[in-house]
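Chemist: Below you'll find the structure I mean.
The values are calculated or read from the model by the stated rules, or taken from the named source; none is laboratory data. As the structure is a computational prediction, the values presented were derived from the model and not from experiment. Glycine gets a Cβ as well: all are built from the backbone with ideal geometry, and neighbour counts include every protein chain shown. To get the accessible areas, we keep the full protein, side chains included, count just its heavy atoms, and leave off ligands, DNA and RNA. Shrake-Rupley method; radii C 1.70, N 1.55, O 1.52, S 1.80 Å.
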Amino acid sequence: MALIDEEHITNEDAFQRACASLVGGVNSPVRSFAAVGGVPFFVAGGHGSYLTDVEGRRYLDYIQSYGAIIHGHGNPVVLSALTEAARQGTTFGAPTLGEVELAEMIQQKVSGVDLVRLTSSGTEATMTALRLARGVTNRSKIVKFEGCYHGHSDALLAASGSGVASLGLPASVGVAPNAVADTIVVPYNELPPIDETVAAVIVEPVAANMGLVPAQSGFLQELRSLTEQSGALLIFDEVITGFRVAEGGASALYGVTPDLWCFGKIIGGGLPVGAVAGPHHLMNHLAPTGSVYQAGTLSGNPLATAAGSAALRLLNTASYRMLTGRAEQLAFGLTKVIEEADLAVQVQRVESLLGIFFADEPVTNYRQAVASVERGIYPYFFHAMLKRGIALAPGPYEVLFPGLAHSVDDVDKTIDVASAAAAEARERWRRAG
Ligand SMILES: *Cc1c(COP(=O)(O)O)cnc(C)c1O
């Protein structure tokens with residue numbers, strides 16, 4: 001191994017060293033710069049809305065761990081809950097009250113949730129939800145929407161957005177045809193045909209892995225009645241939207257109650273947690289009460305539940321008012337300055353979640369999202385922002401996560417920077433085109 005002077009390490013050095021031991025230098029493809037070109041910056045630390053890289057450069061951060069962080073990096077309340085828990089031991093393989101506390105918090109905030117099963121990731125939550133749906137209904141087919149991402153399990157990787165889309169992969173090599181034979185993929189915002197072979201319809205109630213695509217008016221309500229009529233379960237994948245678009249998540253925001261919820265990201269307070277949740281009569285089919293098996297050595301981990309409970313406890317009505325206010329300011333400003341740079345743009349927003357499409361018309365499904373991304377403007381805009389100290393996700397299908405640590409000044413600065421960045425991006429895109 002090359003000796004590296006930690007004092008003077010560059011991102012380039014760090015990346016080269018990473019590539020010698022990690023595949024592609026990263027542990028999740030979305031972190032690579034494959035979609036935008038160049039070398040990723042390596043994070044030395046994060047404080048509030050800012051990140052610092054190993055070169056000592058500071059970035060105003062809109063990635064926020066892809067939505068796992070809502071209070072900003074290193075929130076003192078979350079941090080002290082975490083360190084307090086760590087002093088008592090890190091994992092036991094026996095139940096702890098910390099797990100109960102996090103489950104109770106989810107119960108209280110999300111109306112319709114009676115019982116919770118904690119996992120260590122969102123992927124496990126959606127996998128478990130599918131197995132549970134199949135176990136309960138004794139049916140096998142799953143309906144998912146094109147461009148919705150539900151983690152990297154075989155059955156759900158078909159036509160998902162996020163990193164899979166950025167890398168231009170249809171799904172993944174290595175997924176056996178059998179594994180997706182029961183997955184029916186349909187366009188977002190269109191009502192799918194559902195017959196008596198369908199166990200579940202899984203949906204992101206706000207699609208946030210193909211850029212930000214809101215559910216059109218009535219879409220979720222109609223999915224609810226269609227599934228009710230056919231006996232299929234409706235699963236809301238709220239791994240991003242949960243505790244972010246409203247205190248009670250998207251089900252509260254839209255007034256539509258699914259049969260099962262999947263959570264993740266925010267509920268871990270920056271540590272690995274996922275959850276499946278729902279009413280007694282469904283959740284009790286999971287082992288040990290029922291016969292649908294699911295397990296995890298680190299499920300409900302004491303550190304993760306302590307951080308997650310602390311993060312959720314800090315959220316209240318005022319938090320959401322503030323989040324939405326910031327996001328409104330950001331969306332309005334970005335639209336204005338990008339249009340002034342003579343680029344067609346749609347800044348799409350649901351509460352505090354927002355995404356930037358370089359497109360003439362609002363984007364309502366994956367096909368339109370791909371068409372917008374294929375214009376090829378995002379990589380230029382991304383780099384023009386990054387070199388001016390604003391970190392967006394290095395992939396055109398990700399959303400922005402303004403959080404509670406983003407100040408009015410942070411947002412003003414972002415808009416100022418975006419003005420110059422958009423002009424530069426347009427020039428470079430034109431010249432390349
Ligand atoms: C991130 C995400 C997942 C997967 O969660 P992991 O913790 O990365 O496994 C599932 N669904 C949605 C909507 C997500 O955004």
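Chemist: Could you list all residues from segment 139-152 that are more than 9 Å from the ligand (Cβ to nearest atom), surrounded by fewer than 24 Cβ atoms within 10 Å (Cβ to Cβ) and not in a strand (DSSP E or B)?
Modeler: Result: ARG139, SER140, GLU146.
Chemist: Restrict the check to segment 264-273 and report whether at least one residue is at pLDDT 95 or above, farther than 30 Å from VAL78 by Cα, touching a Phe, Trp or Tyr at 6+ places or on another chain (Cβ under 8 Å) and not assigned by TED's automatic domain parsing to the domain that holds PRO396.
Modeler: no
Chemist: So which residues in segment 360-388 are open to solvent by 10 Å² or more (accessible area, probe 1.4 Å) and not in a helix (DSSP H, G or I)?
Modeler: ASP360, GLU361, PRO362, THR364, ASN365, GLU374, ARG375, GLY376, LYS387, ARG388
Chemist: Pairs needed: first member in segment 123-136, farther than 13 Å from VAL201 by Cα; second member anywhere, within 16 Å of the ligand (Cβ to nearest atom) and open to solvent by 40 Å² or more (accessible area, probe 1.4 Å); C-beta distance under 6 Å; at least 6 residues apart or different chains.
Modeler: THR123/HIS152
Chemist: Tally up the residues in segment 202-241 that are more than 30 Å from PHE358 (Cα to Cα) and aliphatic (A, V, I, L, M), please.
Modeler: Number of matching residues: 5.
Chemist: Going residue by residue through segment 163-184, is there one that turns out to be at pLDDT 95 or above, in a loop (DSSP other than H, G, I, E, B) and open to solvent by less than 50 Å² (accessible area, probe 1.4 Å)?
Modeler: no
Chemist: Looking at segment 376-399, which of its residues are over 20 Å from the mean Cα position of the chain (by Cα) and in contact (Cβ under 8 Å) with a residue 40 or more places away in the chain?
Modeler: GLY376, ILE377, PRO379, TYR380, PHE381, HIS383, ALA384, LEU386, GLY389, listed by residue number.
Chemist: Using beta carbons and a limit of 7 Å, which pairs, at least six apart or on different chains, have the first residue in segment 138-157 and under 24 Å from VAL363 (Cβ atoms) and outside the structural domain of SER121 (by TED's automatic domain parsing) and the second one open to solvent by less than 60 Å² (accessible area, probe 1.4 Å) and away from the ligand (no atom under 11 Å from the Cβ)?
Modeler: none
Chemist: Which members of segment 187-214 meet the condition of being within 22 Å of GLU228 (Cβ to Cβ), of a type in the set (Val, Ile, Thr) and surrounded by 17 or more Cβ atoms within 10 Å (Cβ to Cβ)?
Modeler: ILE194, VAL198, VAL201, ILE202, VAL203, VAL206
Chemist: Go through segment 106-126 and count every residue that is more than 22 Å from SER319 (Cβ to Cβ) and not hydroxyl-bearing (Ser, Thr, Tyr).
Modeler: Here is the first cut: in segment 106-126, the residues more than 22 Å from SER319 (Cβ to Cβ) are 114-115, 117-121, 123-126.
Among the residues that remain, those that are also not hydroxyl-bearing (Ser, Thr, Tyr) are: 114-115, 117-118, 124-125.
Result for segment 106-126: 6.
Chemist: Looking at LEU260, LEU330, LEU343, which is the one that is farther than 21 Å from ASP410 by Cα and in the same structural domain as ALA420 (by TED's automatic domain parsing)?
Modeler: The unique qualifying residue is LEU343.
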